[in-house]
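Visitor: Let me give you the structure first, and then I'll get to my questions.
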Amino acid sequence: MKISVIGTGYVGLVTGTCLAEVGNDVLCLDVDVNKINLLKQGEIPIYEPDLEDMVRRNVSVGRLRFTLDQAECTDHGLVQFIAVGTPPDEDGSADMQYVTTAARAIGQNMQDYKLIVDKSTVPVGTVDRVRGVIYEELAKRGVEIDFSVASNPEFLKEGAAVDDFMRPDRIVIGADDDKAIELLRTLYTPFNRNHDRLVVMDARSAELTKYAANAMLATRISFMNELALLAEKLGADIEHVRRGIGSDPRIGYHFLYAGCGYGGSCFPKDVKALQRTARENGTGLKILEAVEAVNARQKEVLLDKIRARFGSDLSGKTFALWGLAFKPNTDDMREAPSRMLITGLLAQGAAVSAYDPVAMDETKRLFASEPGLKLANSSMSALEGADALIVVTEWKMFRSPDFSEIRRKLRNAVIFDGRNIYDPDSIRTEGFEYFSIGRP
Ligand SMILES: NC(=O)c1ccc[n+]([C@@H]2O[C@H](COP(=O)([O-])OP(=O)(O)OC[C@H]3O[C@@H](n4cnc5c(N)ncnc54)[C@H](O)[C@@H]3O)[C@@H](O)[C@H]2O)c1
Ligand SMILES: O=c1ccn([C@@H]2O[C@H](COP(=O)(O)OP(=O)(O)O[C@H]3O[C@H](CO)[C@@H](O)[C@H](O)[C@H]3O)[C@@H](O)[C@H]2O)c(=O)[nH]1
């Protein structure tokens with residue numbers, strides 16, 4: 001099938017590449033000249049496991065192409081995926097300007113039937129709004145052309161995006177017209193083997209499903225983070241509690257890890273946007289208010305522990321920080337807990353020596369003018385002369401380090417572990433003072 005994808009970020013690039021991988025003829029559009037130039041050379045602008053090889057493979061056989069030309073993009077695909085950003089606006093609502101621009105451009109350029117698919121995470125009612133914008137543009141041109149609009153929210157996780165897209169838990173399709181549903185059913189057949197993963201519903205329910213999924217996952221995390229604070233006061237261990245409750249299949253093990261707060265481009269913004277939608281509709285979402293407040297508090301937990309150990313004036317102190325991305329296997333630092341921590345430490349007069357296996361360039365971009373932040377070449381060199389080590393992101397490479405080397409390099413044998421990756425007993429046997437989340 002001929003497919004166009006508008007927006008080549010995490011979602012657009014993965015969607016386009018995976019659809020090309022199974023044999024479709026895909027053209028991806030972006031307004032970012034640098035991105036498109038890089039992609040045309042077979043280089044990808046983000047770090048995402050397995051993606052670069054897949055892009056190169058499909059580019060080389062001509063199934064995946066990139067363009068800056070909107071008319072070419074509209075002309076190419078029978079199906080037009082909108083996968084542009086929907087960042088939070090000042091009031092917490094999703095900023096819809098990029099989706100609207102993309103829809104308007106389709107209306108301005110289309111010559112024959114198109115199925116327009118909202119892949120971006122968008123407020124309930126967006127399918128109707130996109131349809132309205134396209135009608136407006138067709139009316140301006142004085143033409144009548146048949147088209148469909150559907151919702152097909154994306155559930156991939158950064159760091160596992162290719163795998164999530166190729167082997168989805170479910171494929172949600174929200175549409176009221178049979179032609180759109182059949183086209184999407186056909187398109188997703190290669191990803192829908194063994195058992196039927198297609199969940200077909202009306203567009204509004206599909207749009208709400210996306211927010212509900214992220215809100216539920218964020219709720220689990222905030223619940224565990226709040227319980228972790230209580231566990232600390234009670235002398236209980238949240239890791240034991242996690243295993244104890246996760247064994248109940250009604251609860252399950254996933255997304256129960258206490259830590260230094262959730263980040264990323266989705267949970268924070270989607271939790272906000274859903275609350276905004278509720279308020280606009282004259283109702284509230286009290287649970288989500290608490291989820292957000294608990295998360296904001298949790299992002300301060302490491303700094304609180306550091307100040308409790310080293311005092312509130314941290315001037316003259318240096319802290320080694322392992323992990324800058326909001327989670328492992330990505331270079332994405334949107335809403336990353338590391339950012340608040342770095343800012344907090346620098347504001348208290350401390351210096352920071354930071355290392356991340358893939359997010360160093362992004363850190364440079366975000367903190368270019370911070371003299372107190374040093375970017376180390378390796379995890380071990382970050383430790384030289386530091387007063388303590390702080391682990392913020394649970395990259396695999398941080399899980400079994402050489403503890404005697406860490407002890408030699410640090411000025412004090414102190415570790416703050418924001419992701420509970422070390423065993424408290426064995427790390428104390430190694431001679432460290434150890435502070436983690438929700439454990440004695
Ligand atoms: N990142 C994720 O893990 C993830 C997962 C599921 C859903 N989502 C949702 O998918 C959407 C996209 O997220 P992302 O992380 O890929 O965003 P992103 O910021 O990485 O990429 C968006 C891209 O769209 C481009 N763009 C903006 N306006 C355009 C236009 N008019 N025409 C062409 N290109 C345009 C931008 O230049 C950018 O490259 C968001 O709504 C997000 O909430 C994201
Ligand atoms: O038990 C857990 C699990 C995750 N996190 C944190 O939660 C955040 C988000 O993690 P994750 O969900 O793995 O990453 P995302 O790539 O943001 O993916 C989420 O957001 C996407 C965008 O909407 C959705 O498509 C995915 O299904 C949804 O998991 C990260 O900061 C994690 O450290 C925890 O603190 N504890």
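Visitor: With a point put 7 Å past each Cα toward its Cβ, work out how far GLN41 is from MET1 in nm, to one decimal.
Guide: So the label points at GLN41 and MET1 sit 3.4 nm apart.
Visitor: Run the reach check for LYS305 against lysines, Cα to Cα strictly under 28 Å, same-chain hits fewer than 8 apart removed. What comes back?
Guide: Excluding near neighbours in sequence, the set is LYS233, LYS269, LYS272, LYS317, LYS327, LYS364, LYS374, LYS396, LYS409.
Visitor: Once the piece of chain linking MET201 and LYS233 is laid out straight, how much longer is it, given 0.36 nm per residue of separation minus the C-alpha distance between them?
Guide: On the way: separation 32, 0.36 × 32 = 11.52 nm, distance 4.60 nm.
Residue separation times 0.36 nm, minus the Cα-Cα distance, leaves 6.9 nm.
Visitor: Another question, then. So for ILE134, ILE287, fewest C-beta neighbours within 10 Å to most, what's the order? Walk me through the numbers on the way to the answer.
Guide: Values: ILE134 22, ILE287 14.
Fewest to most other Cβ atoms nearby, the residues stand as ILE287, ILE134.
Visitor: Per residue, how big is the convex hull of the chain when only Cα atoms are used? Give it in Å³. Display every interim value, and only then the final one.
Guide: Values: hull volume 70.0 nm³, N = 440.
In the chain, the Cα hull volume divided by residue count equals 159 Å³.
Visitor: So, one more: Hey, any idea what Rg/Rh is for the range 264-395, computing Rh the Kirkwood way over Cα pairs?
Guide: Working: Rg = 16.6 Å, Rh = 15.9 Å.
Using only Cα positions, Rg/Rh for the range 264-395 is 1.05.
Visitor: What aspartates and glutamates could a cross-link reach from LYS140, if we take a straight Cα to Cα line under 18 Å and drop same-chain neighbours fewer than 8 places away?
Guide: Here the aspartates and glutamates satisfying the reach criterion relative to LYS140 are ASP112.
Visitor: How many angstrom lie between the Cα centre of the range 184-260 and the Cα centre of the range 337-392?
Guide: 31 Å
Visitor: Now a separate question. Convex hull over the alpha-carbon atoms of the range 211-297: what's its volume per residue in Å³?
Guide: Numbers: hull volume 8.4 nm³, N = 87.
Roughly 97 Å³ of hull volume per residue.
Visitor: Starting from the Kirkwood radius over alpha-carbon pairs of the range 1-55, derive D by Stokes-Einstein at 4 °C in a medium of 1.567 mPa s and give it in µm² s⁻¹. Each step should come with its number before you reach the end.
Guide: Working: Rh = 11.1 Å.
Taking Rh from Cα pairs, D becomes 116 µm²/s.
Visitor: Run lengths n ≥ 4 of DSSP H only: what is the helix-derived mean residue ellipticity at 222 nm for the chain, with -39500 (n - 2.57) per run over all residues, to the nearest 500?
Guide: -13000 deg cm²/dmol
Visitor: Going by how many other Cβ atoms sit within 10 Å of their own, how do VAL124, VAL26, VAL31 line up, fewest first? Could the numbers behind the result be given before it?
Guide: Values: VAL124 20, VAL26 26, VAL31 16.
Ascending Cβ contact count within 10 Å gives the list VAL31, VAL124, VAL26.
Visitor: Output ³J(HN,Hα) for the range 121-135: one whole-Hz value per residue in order, computed from phi by the Karplus curve 6.51 cos²θ - 1.76 cosθ + 1.60 with θ = phi - 60°, and x for Gly and Pro.
Guide: 7, 9, x, 4, x, 5, 4, 5, 5, 4, 4, x, 5, 5, 4
Visitor: In whole Å, largest first, what are the principal axis extents of the Cα atoms in the range 2-200?
Guide: 44, 40, 38
Visitor: Looking at the range 385-440, which GluC sites (Glu not before Pro) are DSSP coil and have at most 16 other C-beta atoms within 10 Å of their C-beta?
Guide: Values: sites: GLU394, GLU405, GLU430, GLU433; in loops: GLU394, GLU430.
When the GluC sites (Glu not before Pro) of the range 385-440 are filtered for loop state and at most 16 Cβ neighbours within 10 Å, GLU430 remain.
Computed from the coordinates by the stated procedures, all read-outs in this text should not be read as laboratory data. These numbers come from a predicted model, not from an experiment. So basically every Cβ, Gly included, is an ideal-geometry build from the backbone, and we count neighbours across all protein chains shown.
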